[in-house]
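S.K.: The structure under discussion is supplied below as structure tokens; questions concerning it will follow.
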Amino acid sequence: MAKHNTLLSFVFLVILSSGFCGFNTLKLCSCYLSDKRSCMEIERQALLKFKAGLTDPSGRLSTWVGNDCCRWPGVVCSRRSRHVMKLKLGNQFPTNSYGEGTDYALGGEISPSLLDLNCLDYLDLSMNNFEGIPIPEFFGSLHTLRYLNLSGAGFGGLIPPHLGNLSSLLFLDLNSYSNDRIENELHWLSGLSLLKHLNLGNVELSKAEAHWLQAVNMLPSLLELHLPSCGLSTLPLSIPHVNFSSISVLDLSNNGFNTSIPPWLFNLSSLVHLHLSSNNLQDENLDEFARLNSLQDLDLSQNSFLRGKLSRTLGNLCSLRMLDLSVNAISGEINDFIDGLSECRNSCLDSLFLGYNMLGGSLPDSIGHLRNLKHLSLTTNSFSGSIPESIGNLSSLRRLDLSTNQMKGSIAVNLGKLSALEVLDLSENQWEGVITEAHFSNLTSLQELTIRQLTNNITLVFNASSRWIPPFKLNYLELKACLIGPKFPEWLRNQNELNYIVLSHAKISSTIPDWFWELHLFLNVLDFSYNQITGTVPNNIRFHKQGEIVFNFNNFSGPLPLFSPNVSKIWLSDNLFSGQIPADFGQRMPFLEDLDVSSNYLTGIIPSSIANISTLLTFVVSNNHLSGKLPDFLNGLQDVYLMDVSENNLTGNIPVTLGSFSSIQFLRLSNNELSGEIPSSLQNCTLLETLDLGDNRLTGKIPTWIGQRLPSLLILSLRANMLVGEIPRDLCSLSSLHILDLAGNNFSGHIPNCVGNLSGMTTVLDSKRYEGQLWVVAKGRTLFYDQLLYLVNIIDLSGNNLYGDIPEGIASLQRLGTLNLSRNHLSGMIPDNIGNLKQLETLDLSSNNLSGTIPSGMASMTSLNHLNLSHNNLSGRIPASNQFLTFIDQSIYEGNPRLCGKPLATKCNGDDDEANHPPEARENIHDGDEDEDEHDMLWFFVSMAIGSVVGFWGFWGTLIVKSSWRHAYFQFIDRINDRLIEVIVGKRARARR
């Protein structure tokens, strides 16, 4: 025993003398050298104080009772010393997109009693909710800490620089730290010389971009660095010396780097995972990455300026497990690259993402040699040809995405060999031929199948026997523009796990069999649009939250169905549904966002229960037989941005409460029997882009606030009402307006001279999210525009009482396609500069009081294909070149008696002579009045001579008897001959000139 104690004393002295155990080390040693069997009382009290400062909605810490704190959940003690070593209090149920999980999050304040946990080396408070409080400064005094995880815990404010005192720290994770007030100084990192793992992801570091790399470079032990989404824009191209050369994980994704890839990066020979995605890196030499022989994961995706080609050299990275180069500008073919990968003796590549580039050519057969491949995405490129048969060799493949390319031909039957395949997406190509059961013969793992053809021209037939039982159980099925019909596919009988179904443009014309509804599917999306399906729709279809049902363009009939309350989108347009909208529709559909039941046979009123749908964004019930007033219930729909109740039989005034729709962008009330004035409350709808009130019985004047308060207006249609007054100049302020239709009212006064300020008719409108629909009069007929409406530019002021001149400024609207000013009282001349409207297709100025000639510049309007100038006071010659040669209908000029030239029968002066003279002499035909007088005199004397010979026989007798008469007669004949010779000689001389 004495010897034993002597040995211990000797060891203790050696430790002291060697400096192995200073103060901290003695404390550390004591953490493992106690004989206690329960936790330290001082530490138990410290934990209770810590608990008292926290909020705990779920009661996670309610079990912190009893004397032995080492048994408390989340508390880990040393087995020997019973000191608290670890606090694992991270939230295992973090908040999801629906706000779920907050009940499990700890919050409140953190007590400094943690300082009494002398042996604490592990602290995890991640994914909790401390509501923006700063990290306590006393954390810098937890000197024994080696692991600190505060990611997603809701801390905010200044990061205490005292964290740099934690010299023993190996792991630090502050991901998603909210540091709006931080000065972004990172110099405190220099004290963490042992740090191996640093995660500052989603921490705003934009003010530290000048020195972030120098700060990180002072951590020689660093193995993992995570700085994604930090607002950095500077990636230095050089540093004097790389201290963190042993780093194996580097994540700098989703910053703003706008440089080439720095050369020092290729000296990090230990790199295993490199993530540089979602930046603006610019480089063309991708071969440099072949120097990083240890790379297993390389993510360069979403760097849109990253160019270059994929060479065999890059394919020699045989250690790669994942390569993501998607969403770049990489071009060329991939044959050499795939050949290089396939030559690796033990290729580890299991994920290859090359989507959203400019790659082309055919897929090489060598792709079938990548036998470990599990994920292959080549979406959104320009690959052509068919799928190589070697694809059947990829026995490990789980996901294959060839969508949105230019591939064509038949689909390889060898796809049926891929027993591990879970997701197959062949959409947006031009497949041909027949898909049979053989294509799916061994796809036992298939869960998602997508074949959405590039066009709606059906060239692909889905041919499966009615007795076929697929070897898979799908949860996602999308077949668009594939011939499936005319019968509903029987092979769906055993697909009772489906939650997403699209069978669109499939030429199905039967009813949906009862067995389908009896599958009791729980759906996210059900889309049978653009078929000819008949029958009724049951009310018992079950949907997940945010469910969508799309049955538009079919022949479904019966009453309007009511679906489960989880549905968010209902599209039932262009069917045969009839009857009334159920009175309790709003109560039954409380989460509805989009409703489109247009073009059916619905009757009755719009039920007031719609007001209960506070989530409603689009409300489309147009082209039905709805009647009654547009009720005030609409006041409850605060977030509606599209409302279309057009083409019904609605009566009464426009509700004042529509003005409370502060988010509305598209309002269509046209083709009803609405009356009264336009309510001034609509001026509150400042986001309006379409205001269509046409074809009603509205009265009063155009409000000036339309031009003053609706700056985003693209379309204004007030046609076919009973509006009066002048067109306000304020409308000229609508700089985005590209359709102005005020036809068929009782407007008077002048057309505003400022009409040329409508700059929306001089530029191309972006089609993104443009949801306008409108009936317009163009090209002499009524046309309906929807998808292409953003390309239409129209001014229609026809059928009013406008007078005065046509403003010359109208010719500055260079993209104007239709100009209709007919059936007014306009006077003056057609502006000479109207020929500047090079894109004008329709010009109707008929039934006015216009005068003067048709401007010769109109002949250069080569897009003009519909013209009407009838019933004016125009005069002169009709232009006879270019586009005017195509206008052969005389009616477009009738009612202008002083117009001449083709196609009218009225000839202009000299038209006949022009036809009888050679081209070189035609310019002399109209030399002036003198030539015309000579011509008339010549024929006058000839007529007199002939008349004298034929008509006055008695005169001859007198001449014979009386010599004085004979002398006068011969003088007269001599004068005629002389004059004839003079005229003939003169004309020949002019012809020679």
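S.K.: Within region 653-704, can you find the residues that are surrounded by 15 or more Cβ atoms within 10 Å (Cβ to Cβ), in a strand (DSSP E or B) and among the acidic types (D, E)?
M.R.: Scanning region 653-704 gives a single hit, D692.
S.K.: Here's a follow-up. If L271 satisfies every condition in (1) touching a strand residue (DSSP E or B) at 6+ places or on another chain (Cβ under 7 Å); (2) more than 25 Å from P220 (Cβ to Cβ); (3) not in a strand (DSSP E or B) but one, which is the exception?
M.R.: Exception for L271: condition (2).
S.K.: To continue, here is another question. Considering only residues that are small (G, A, S) and under 40 Å from the mean Cα position of the chain (by Cα), look in region 796-844 and name the one that is farthest from G744 (Cα to Cα). Break it down into steps so the answer makes sense when it comes.
M.R.: Taking region 796-844 first, the residues small (G, A, S) are 798-799, 804, 809, 811-812, 817, 822, 827-828, 835.
Narrowing further to those that are under 40 Å from the mean Cα position of the chain (by Cα): 798-799, 809, 811-812, 817, 822, 835.
Working: S798: 6, G799: 5, G809: 23, A811: 23, S812: 25, G817: 20, S822: 10, G835: 27 Å.
The residue in question is G835.
S.K.: In addition: Read through the list (1) part of a loop (DSSP other than H, G, I, E, B); (2) at pLDDT 95 or above; (3) of a type outside the set (S, T, N, Q); (4) surrounded by fewer than 20 Cβ atoms within 10 Å (Cβ to Cβ), then give the number of the only condition that G725 fails.
M.R.: G725 satisfies every listed condition except (1).
S.K.: Of these, V645, V620, which one is buried (at least 18 other Cβ atoms within 10 Å of the Cβ), modelled with pLDDT of 90 or more, aliphatic (A, V, I, L, M) and within 23 Å of E677 (Cα to Cα)? Can you show your working first?
M.R.: Working: V620 fails: within 23 Å of E677 (Cα to Cα).
V645 is the lone residue from the list that is buried (at least 18 other Cβ atoms within 10 Å of the Cβ), modelled with pLDDT of 90 or more, aliphatic (A, V, I, L, M) and within 23 Å of E677 (Cα to Cα).
S.K.: Could I ask something else about it? For T404, only one of the following conditions fails: (1) over 24 Å from the mean Cα position of the chain (by Cα); (2) modelled with pLDDT of 95 or more; (3) in a loop (DSSP other than H, G, I, E, B). What is its number?
M.R.: (1)
S.K.: It is to be established whether one or more residues within region 740-751 are farther than 13 Å from N800 by Cβ and either of a type in the set (G, A, S) or not in a loop (DSSP other than H, G, I, E, B) (or both). Don't jump to the end; show me each part of the working.
M.R.: Filtering region 740-751 for residues farther than 13 Å from N800 by Cβ gives none.
Checking region 740-751: not a single residue is farther than 13 Å from N800 by Cβ and either of a type in the set (G, A, S) or not in a loop (DSSP other than H, G, I, E, B) (or both).
S.K.: One residue is enough: does region 821-838 have a residue meeting the conditions surrounded by 22 or more Cβ atoms within 10 Å (Cβ to Cβ), outside any loop (DSSP other than H, G, I, E, B) and not hydrophobic (A, V, I, L, M, F, W, C)?
M.R.: Checked region 821-838: no residue is surrounded by 22 or more Cβ atoms within 10 Å (Cβ to Cβ), outside any loop (DSSP other than H, G, I, E, B) and not hydrophobic (A, V, I, L, M, F, W, C).
S.K.: A follow-up question, please. Considering region 849-863 alone, what residues qualify as being surrounded by fewer than 24 Cβ atoms within 10 Å (Cβ to Cβ) and part of a loop (DSSP other than H, G, I, E, B)?
M.R.: Start the filter on region 849-863 by keeping residues that are surrounded by fewer than 24 Cβ atoms within 10 Å (Cβ to Cβ), which leaves 849-853, 855-863.
Correct list: T853, P855, M861, T862, S863.
S.K.: What number goes with the only condition from (1) of a type outside the set (S, T, Y); (2) surrounded by fewer than 23 Cβ atoms within 10 Å (Cβ to Cβ); (3) modelled with pLDDT of 95 or more that C732 does not pass?
M.R.: Among (1) of a type outside the set (S, T, Y); (2) surrounded by fewer than 23 Cβ atoms within 10 Å (Cβ to Cβ); (3) modelled with pLDDT of 95 or more, the lone unmet condition for C732 is (3).
S.K.: Might you let me know whether region 464-477 holds any residue that is of a type in the set (V, I, T) and either within 30 Å of L352 (Cα to Cα) or assigned to a helix (DSSP H, G or I) (or both)?
M.R.: In the first step, residues of region 464-477 are kept if they are of a type in the set (V, I, T); the result is 469.
Keeping just the survivors that are either within 30 Å of L352 (Cα to Cα) or assigned to a helix (DSSP H, G or I) (or both) gives none.
The answer is no, given that none of the residues of region 464-477 is of a type in the set (V, I, T) and either within 30 Å of L352 (Cα to Cα) or assigned to a helix (DSSP H, G or I) (or both).
S.K.: Continuing with the same structure: Whether any residue in region 282-297 is in contact (Cβ under 8 Å) with a residue 40 or more places away in the chain, part of a loop (DSSP other than H, G, I, E, B) and within 25 Å of N405 (Cα to Cα) is what I want to check.
M.R.: no
S.K.: From the residues in region 559-599 that are surrounded by fewer than 17 Cβ atoms within 10 Å (Cβ to Cβ) and assigned to a strand (DSSP E or B), which one is nearest to the chain's Cα centre (by Cα)?
M.R.: Per the stated criteria, the residue is L576.
S.K.: Filter region 600-617 for residues that are aliphatic (A, V, I, L, M) and part of a helix (DSSP H, G or I); which is surrounded by the most Cβ atoms within 10 Å (Cβ to Cβ)?
M.R.: Within region 600-617, the match that is surrounded by the most Cβ atoms within 10 Å (Cβ to Cβ) is I610.
S.K.: When region 320-368 is examined, which residues are found to be hydroxyl-bearing (S, T, Y) and either under 22 Å from N303 (Cβ atoms) or touching a residue at least 60 places away in the same chain (Cβ under 8 Å) (or both)?
M.R.: The answer is S326, S331, S351, Y356.
S.K.: Going by what's in this entry, would V76 be described as modelled with pLDDT of 95 or more, surrounded by fewer than 16 Cβ atoms within 10 Å (Cβ to Cβ), of a type in the set (A, V, I, L, M, F, W, C) and closer than 27 Å to L194 by Cβ?
M.R.: It is true that V76 is modelled with pLDDT of 95 or more, surrounded by fewer than 16 Cβ atoms within 10 Å (Cβ to Cβ), of a type in the set (A, V, I, L, M, F, W, C) and closer than 27 Å to L194 by Cβ.
S.K.: To continue, here is another question. Tally time: how many residues in region 124-138 are over 39 Å from the mean Cα position of the chain (by Cα) and crowded, with 21+ Cβ neighbours inside 10 Å?
M.R.: Count: 3.
S.K.: Which ones in region 528-546 are crowded, with 20+ Cβ neighbours inside 10 Å and part of a strand (DSSP E or B)?
M.R.: Hit for region 528-546 is F543, nothing else.
S.K.: Separate question: Being within 25 Å of H825 (Cβ to Cβ) and either within 27 Å of the chain's Cα centre (by Cα) or in contact (Cβ under 8 Å) with a residue 60 or more places away in the chain (or both) narrows it down to one residue among G700, G760, G780; which is it?
M.R.: Numbers: G700 fails: either within 27 Å of the chain's Cα centre (by Cα) or in contact (Cβ under 8 Å) with a residue 60 or more places away in the chain (or both); G760 fails: within 25 Å of H825 (Cβ to Cβ).
G780 is the lone residue from the list that is within 25 Å of H825 (Cβ to Cβ) and either within 27 Å of the chain's Cα centre (by Cα) or in contact (Cβ under 8 Å) with a residue 60 or more places away in the chain (or both).
Per-residue answers, yes or no, for (1) aliphatic (A, V, I, L, M); (2) closer than 17 Å to L205 by Cβ; (3) at pLDDT 90 or above:
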{"site": "E137", "(1), (2), (3)": "no, no, yes"}
{"site": "H143", "(1), (2), (3)": "no, no, yes"}
{"site": "G157", "(1), (2), (3)": "no, yes, no"}
{"site": "N165", "(1), (2), (3)": "no, no, yes"}
{"site": "S168", "(1), (2), (3)": "no, no, yes"}
{"site": "L172", "(1), (2), (3)": "yes, yes, yes"}
{"site": "N184", "(1), (2), (3)": "no, yes, no"}
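S.K.: Quick check on my filter: what residues within region 623-637 are assigned to a loop (DSSP other than H, G, I, E, B) and modelled with pLDDT under 85?
M.R.: Filtering region 623-637 down to residues assigned to a loop (DSSP other than H, G, I, E, B) leaves 623-624, 630-631, 637.
Answer for region 623-637, where residues must be assigned to a loop (DSSP other than H, G, I, E, B) and modelled with pLDDT under 85: P631, L637.
S.K.: Now a separate question. Looking at (1) surrounded by 20 or more Cβ atoms within 10 Å (Cβ to Cβ); (2) under 31 Å from the mean Cα position of the chain (by Cα); (3) not charged (D, E, K, R), can you tell me which one T455 breaks?
M.R.: (1)
S.K.: Residues in region 308-322: is at least one among the β-branched types (V, I, T), at pLDDT 95 or above and assigned to a loop (DSSP other than H, G, I, E, B)? Walk me through it before giving the result.
M.R.: Filtering region 308-322 for residues among the β-branched types (V, I, T) gives 313.
Applying the additional criterion that residues be at pLDDT 95 or above yields none.
Looking for residues that are among the β-branched types (V, I, T), at pLDDT 95 or above and assigned to a loop (DSSP other than H, G, I, E, B), one finds none in region 308-322, hence no.
The values are calculated or read from the model by the stated rules, or taken from the named source; none is laboratory data. If you're wondering where the values come from, they're calculated on a predicted model, not measured in any experiment. When we count neighbours, we look across all protein chains shown, and the Cβ atoms used for this are built from the backbone with ideal geometry, even at glycine.
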